[in-house]
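Presented below is the structure to which this report refers.
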Amino acid sequence: MKRWLVLLLAVCLLCGCAAGPQEASAQIFSMDTVIDITVYGDGAQDVLRDARAELVRLDGALSRHDSGSALAALNRGAGGPVAVEEELYDLLYAAAAYAADTGGCFDISVAPIMDAWNFTGDTPRVPSQAELEALAAHVGSERIVFDGGTVTLPEGMAVDLGGIAKGYASDRLAALFAQRGVTSAKVSLGGNIYVHGTKTDGSLWRVGVEDPNDPGNFLGAVELRDRFAITSGGYQRYFEQDGVTYYHIVDPKTGNVARSGLLSATVICGNGAMGDAFSTALFVMGLDAAVDFWRTYPVEFDMILADDDGHVYLTEGLRDCFDASIAEHEYEYIFLSKE
Amino acid sequence: MNTFSSQKNNAVPRLRPAPLDAVVVLAVLVLAAALFAAMLPKQSGGALACTVSRDGQVLDTFPVEENSPGERVYGAYTVSVAQDGAVSVTAAPCAGQDCVRTGAVRRAGQNIVCLPGRFVVELSGTDGDGSGVDIVVR
């Protein structure tokens, strides 16, 4: 009799294990992209609900094209001080700092130039050089004045947080997961990735890095936990005119499409907003300046740079967690060191 | 001491395993192995499958297999599966055509998105060559 009781107990325990952790996932259209979130563990559904609410809140607050947003109000008030709430103030301040750090290769005040190109609209166009030069005169985050709770944009300037908002949103989700004790979750904000903790079996998340030459394949995969991974590349959003391809990433200093010789720049780091800003900046900088920047910047991050000549450059921190074996095409992989 | 020892021997149950104990152990092991195998697909998926959705509502889910090419039409969108199992959006009503330009996807975790139409094609499960990717940065 006892042995059958032992068997019954074992069966109950195993069934409990086999039920596995709770899983809740959602696909959300917000922040001008599609967002996929999957949360595992107890209370996953509640965490997912709160994550969705946070994204809706951020979309409302940070969208330049929503006339009711705080950011739209700031742009309308260019030329004078505008009181903004702490969160927006801090994000604008961080964005201006990243602009300074990257020598203007990332700059949120590039908004009027992006409007002129109209990359996301139905009728993208190539602005004249004179038009770009006139618009570029209004670019320069260093001229934004931060004073207590007010922000002053110079006359004629407009800011757009599209180059940093998704990264910041992933920071917010990471904080939510940590606060709620989540140990396993993954988020994709239009391809901006955050992986939280580990998979439910304890193994690391395996993040595929898309091949800019063939987006159906990978440059490789990197195994991560608690990391943000963000790529900038012109290969998915572009238009062609008179036989010339115009990618959607522009050099804020000139207003022209960035043609730096890089096809994609991926940043892997512990801060989503920083990674978002830096991926754009590195793409604009090009290989040599990007490597110099990585070597001297005081905050640690890793990067994967794919150039237009079949080379993939990876920073040394990825040496033990990058797997190139899944790449369909042949590349020369070069690891970069700090020296 | 001898008396105590004698009482202790009487109280201790017989420890030698009986044949039925082995049956119980074997049953637990078999059950554990079966349940472990059942748990494995939780985050690695099964065979490669394609899910087509619009505005978060699933329109269709179908297995992706090599040597089974074809086209599926969802309103103004056409989703094509090539001979090698590559999935692409070959027609879309949006002006930008970003989803068409995305080209073909072949691996679990990849997707094709038409933002204006909120139309999403995504692959899940396990791709044929076992890249084992959980999520894709692009």
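The values are calculated or read from the model by the stated rules, or taken from the named source; none is laboratory data. Note that this is a predicted model, so its numbers are computed, not measured. Heads up, the Cβs are rebuilt from the backbone with ideal geometry, glycines too, and the neighbour counts pull from every protein chain shown. Calculation scope for accessible area: heavy atoms of the full protein, side chains included, ligands and nucleic acids excluded. Shrake-Rupley method; radii C 1.70, N 1.55, O 1.52, S 1.80 Å.
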Which residues, taken from segment A:231-247, are under 25 Å from A:His138 (Cβ atoms) and under 15 Å from the mean Cα position of the chain (by Cα)? A:Ser232, A:Gly234
Being buried (at least 18 other Cβ atoms within 10 Å of the Cβ), under 25 Å from A:Ile35 (Cβ atoms) and at pLDDT 90 or above narrows it down to one residue among B:Val79, B:Val100; which is it? B:Val79
I'd like the full set of residues that are more than 9 Å from every other protein chain (Cβ to nearest Cβ), not in a loop (DSSP other than H, G, I, E, B) and not hydrophobic (A, V, I, L, M, F, W, C), limited to segment B:93-115. none
In segment A:13-120, which strands (runs of 3 or more DSSP E) lie fully inside it and hold 1 or more residues that are open to solvent by less than 60 Å² (accessible area, probe 1.4 Å), away from chain B (no Cβ under 14 Å) and at negative phi? A:81-83
It is to be established whether one or more residues within segment B:79-86 are more than 7 Å from chain A (Cβ to nearest Cβ), part of a loop (DSSP other than H, G, I, E, B) and in contact (Cβ under 8 Å) with a residue 60 or more places away in the chain. no
So which residues in segment A:284-330 are open to solvent by 40 Å² or more (accessible area, probe 1.4 Å), under 19 Å from A:Gly208 (Cβ atoms) and away from chain B (no Cβ under 14 Å), if there are any at all? A:Gly317, A:Arg319, A:Asp320, A:Glu330
Within segment A:202-214, considering residues that are open to solvent by 20 Å² or more (accessible area, probe 1.4 Å) and more than 25 Å from A:Ala175 (Cβ to Cβ), the one nearest to the other protein chains (Cβ to nearest Cβ): A:Asp214
Which residues, taken from segment A:121-157, are open to solvent by 60 Å² or more (accessible area, probe 1.4 Å) and within 14 Å of chain B (Cβ to nearest Cβ)? A:Asp122, A:Thr123, A:Arg125
I'd like the full set of residues that are outside any strand (DSSP E or B), under 19 Å from A:Cys105 (Cβ atoms) and either out of contact with any helix residue (DSSP H, G or I) (no Cβ under 9 Å at 6 or more places or on another chain) or open to solvent by less than 40 Å² (accessible area, probe 1.4 Å) (or both), limited to segment A:236-259. A:Ile249, A:Asp251, A:Pro252, A:Gly255, A:Ala258, A:Arg259
Within the set of pairs 6 or more residues apart or between chains, which connect a residue that is touching a residue at least 24 places away in the same chain (Cβ under 8 Å) inside segment A:239-252 to a residue that is surrounded by fewer than 12 Cβ atoms within 10 Å (Cβ to Cβ) with Cβ atoms less than 9 Å apart? A:Tyr246/A:Glu240
So, B:Val133, is that one β-branched (Val, Ile, Thr), without any contact (Cβ under 8 Å) to a residue 60 or more places away in the chain and more than 10 Å from chain A (Cβ to nearest Cβ) or not? no
